Amino acid sequence: MNFSQVAVMSILEIAQITRQAARKLAVLSAEAKNQAIETIAKALEVAAPSIVAANVADRAAAEIDGIAKPLYDRLKLDEVKLKSAIAGVRDVAKLPEPVGSVQIHRELDTGLILKRITCPLGVLGIIFEARPEALIQIVSLAIKSGNGVILKGGKEAVRSCEILTKVIQQALAKTAVNPEVVQLLTTREETIELLKMDEYIDLIIPRGSNSFVKFVQDNTRIPVLGHADGICHLYADKAADIDKAVEIAVDAKTQYPAACNAIETLLVHSAIAPKFLPTVAAALQQKKVELRGDEKTRAILENIAEATEADWSTEYSDLILSIKIVDSVEEAINHINTYGSRHTDVIVTEDSETAETFLNGVDAAGVYHNCSTRFADGFRYGFGAEVGISTQQMPPRGPVGLEGLITYKYRVVGDGHVAASYVGKDAKEFTHRDL
């Protein structure tokens, strides 16, 4: 089945064929899956000019539609980004095989053996805005973990997503992996129908705005894994190295401001504020960052805008930063736990005890000491790539790679054993011996 044929199928039919293809993928060898992933990488390299051209067309249309700058930045897939994404595909192939790992191997009794073994989830539904390179990451992780995947990209990236899917499906047709394990939806109506496919979809992963993620959660019975806002903080403690704090703050805000792991609020201890704020402000403003501050901050930085209550809970995804002066690490922690999104937060300090207080007290998927929040990324964690970042309390949490796409099953092998032998007057005893 080719890409054009899928376009005229119903969502139910797409879900059904993806489920069937995923069941076959689930039992393929690690070698077969890795060969398929490498075939995809090579195909993407060959098709690079066409992929970049499709993305240029997407960006041109998006500009005409008045797309917001942060979304435009995420939409961009140039040669550099594509090359990096392809490298990520190959990194996924190098990762240890996640399927078939024995987590528990236990003798329940002589001849009665229990194993807990990892296996794929089944079929993933991934709904994302912009970021066409996410499609590449997700497909490679899905194949490596033995899962089928139904993708729905944002309308602003439709040309990019269509050509990427076509290239990937054509590549898979040359391998042991059925191309039907990868499907693409293109309309909002299809998204609504997808959310109803609880019989065929095992996990929904939305990547987008807070309102979008909430919409998905409110309109499906399928388990949802995702994060909404990326309201990340940097706290410059009274024991911070000023130069170090400035460098980290500038990187965390400006290295890629549209990313969900860029900081949106800077908290500064009052003891260093008079010295630190003018220095960091100059460095940030040199990068064209708009600063907003509370009353104490504006007493030091007189020419910046006032930060309102709404600013503390806003993800700008742009060159805007709110600043607040606090009197203690405890106040910083309280602010973060009140307004943060449980994504990634960092303390800059040379006091290890204060750092430990912060790392233990902040409720977030990522808590950092003396480094940029921009490291909150599956590729940078060595996961090869990620399907998204989860800010929920239940695992998986943070960047979700292969470990978030597998589950497990219990296998018990006996030799005529029956439960009745282990109850009553002459009940046998379990040995419960780990092997």
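All conditions but one from (1) farther than 18 Å from Ala245 by Cα; (2) of a type in the set (D, E, K, R); (3) modelled with pLDDT of 95 or more apply to Asp318; the one that does not is (3).
Yes/no matrix, rows are residues, columns are (1) buried (at least 20 other Cβ atoms within 10 Å of the Cβ); (2) assigned to a strand (DSSP E or B):
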{"position": "Ala60", "(1), (2)": "no, no"}
{"position": "Glu63", "(1), (2)": "no, no"}
{"position": "Arg90", "(1), (2)": "no, no"}
{"position": "His105", "(1), (2)": "no, yes"}
{"position": "Ile127", "(1), (2)": "yes, yes"}
{"position": "Leu151", "(1), (2)": "yes, yes"}
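Does Leu164 qualify as being touching a Gly at 6+ places or on another chain (Cβ under 8 Å) and either closer than 21 Å to Ala48 by Cβ or in a loop (DSSP other than H, G, I, E, B) (or both)? Answer is no for this residue. Flag: Gly404 matches the condition of being farther than 30 Å from Glu247 by Cβ, within 27 Å of the chain's Cα centre (by Cα), surrounded by 15 or more Cβ atoms within 10 Å (Cβ to Cβ) and not hydrophobic (A, V, I, L, M, F, W, C). Report whether or not Ala85 is in the same structural domain as Glu189 (by TED's automatic domain parsing), outside any helix (DSSP H, G or I), at pLDDT below 95 and crowded, with 21+ Cβ neighbours inside 10 Å. No; evaluated as a whole, the condition is false for this residue.
Considering only segment 348-366, I want to know if a residue exists there that is over 12 Å from the mean Cα position of the chain (by Cα), modelled with pLDDT under 95 and not hydrophobic (A, V, I, L, M, F, W, C). No, segment 348-366 contains no residue that is over 12 Å from the mean Cα position of the chain (by Cα), modelled with pLDDT under 95 and not hydrophobic (A, V, I, L, M, F, W, C). Would you please name the residue that is surrounded by the fewest Cβ atoms within 10 Å (Cβ to Cβ), looking only at residues in segment 258-272 that are of a type outside the set (A, V, I, L, M) and closer than 27 Å to Ile389 by Cα? It comes out as Asn261.
With respect to Ile192, determine if the residue is assigned by TED's automatic domain parsing to the domain that holds Ala48, in a helix (DSSP H, G or I), touching a residue at least 24 places away in the same chain (Cβ under 8 Å) and out of contact with any His (no Cβ under 9 Å at 6 or more places or on another chain). Yes: the conditions hold for Ile192. Screening the candidates Val250, Val216, Val246 for the property of being modelled with pLDDT under 95 and either touching a helix residue (DSSP H, G or I) at 6+ places or on another chain (Cβ under 9 Å) or under 30 Å from Leu124 (Cβ atoms) (or both) yields one hit, Val216. Looking only at residues in segment 372-391 that are out of contact with any Asp or Glu (no Cβ under 9 Å at 6 or more places or on another chain) and part of a loop (DSSP other than H, G, I, E, B), the one that is surrounded by the fewest Cβ atoms within 10 Å (Cβ to Cβ) is Arg380.
The values are calculated or read from the model by the stated rules, or taken from the named source; none is laboratory data. Values in this document were obtained by computation on a predicted structure and should not be read as measured data. Cβ coordinates were reconstructed from backbone atoms using ideal geometry, including for glycine residues, and neighbour counts include every protein chain displayed.
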